[in-house]
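The values are calculated or read from the model by the stated rules, or taken from the named source; none is laboratory data. Note that the coordinates shown come from a computational prediction; the quantities given were computed from them, not determined experimentally. Side chains included, ligands, DNA and RNA excluded: accessible areas come from the protein's heavy atoms. Shrake-Rupley method; radii C 1.70, N 1.55, O 1.52, S 1.80 Å.
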Amino acid sequence: MTPDIHHNPWELIIYRPQNTANLNDIRCWVKLEDMDGNDVTYTAAKATYEWASEPNKVNKYQKTYWLSGGVAMHLNLKPGKYKITVSTPSDKQWPYPSENRDQWTSNEFLYNTENPAKVIFVYPSTNNNGFYNGKWIISHLAPKYFKQATIPVMEE
């Protein structure tokens, strides 16, 4: 008899696939809010991370929860419902100035530990010309790949 293997609904993996070399180095920071809009990033979750190039080597975050290209965050959440967003402040966007000179932000992803996803993805978006436009996308769907890098999603 082998024990049942099942996904822990309180553990969520947030994966940011690799892009171009410079964009990989631009971090985005994860924020969790409860359904009342309170920031619970560091009170409702504990996180570790792994580099995709070094799987199974667990690293501890020192102060903040961030993602770079090729990083998988393992969030251990308290039971509940959360609004997940990522952002990059304007002073951390070099060398990619964008149409959005303010903070790069993402859509809001709703996560419920009673109906869990195992993995969600974070990747950049571009304008119709293919230039990064200063937005992040959080999705339950993996982005398309081309020669070891994710293809940004173009806005319609």
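From the square roots a ≥ b ≥ c of the eigenvalues of the alpha-carbon gyration tensor of the range 37-88, which class results: rounded (a/c under 1.5), prolate (a/b over b/c), or oblate? Prolate.
How would TRP94, TRP29, TRP66, TRP51 rank on accessible area, largest to smallest, probe 1.4 Å?
Values: TRP94 210, TRP29 60, TRP66 25, TRP51 85 Å².
Largest to smallest exposure gives the sequence TRP94, TRP51, TRP29, TRP66.
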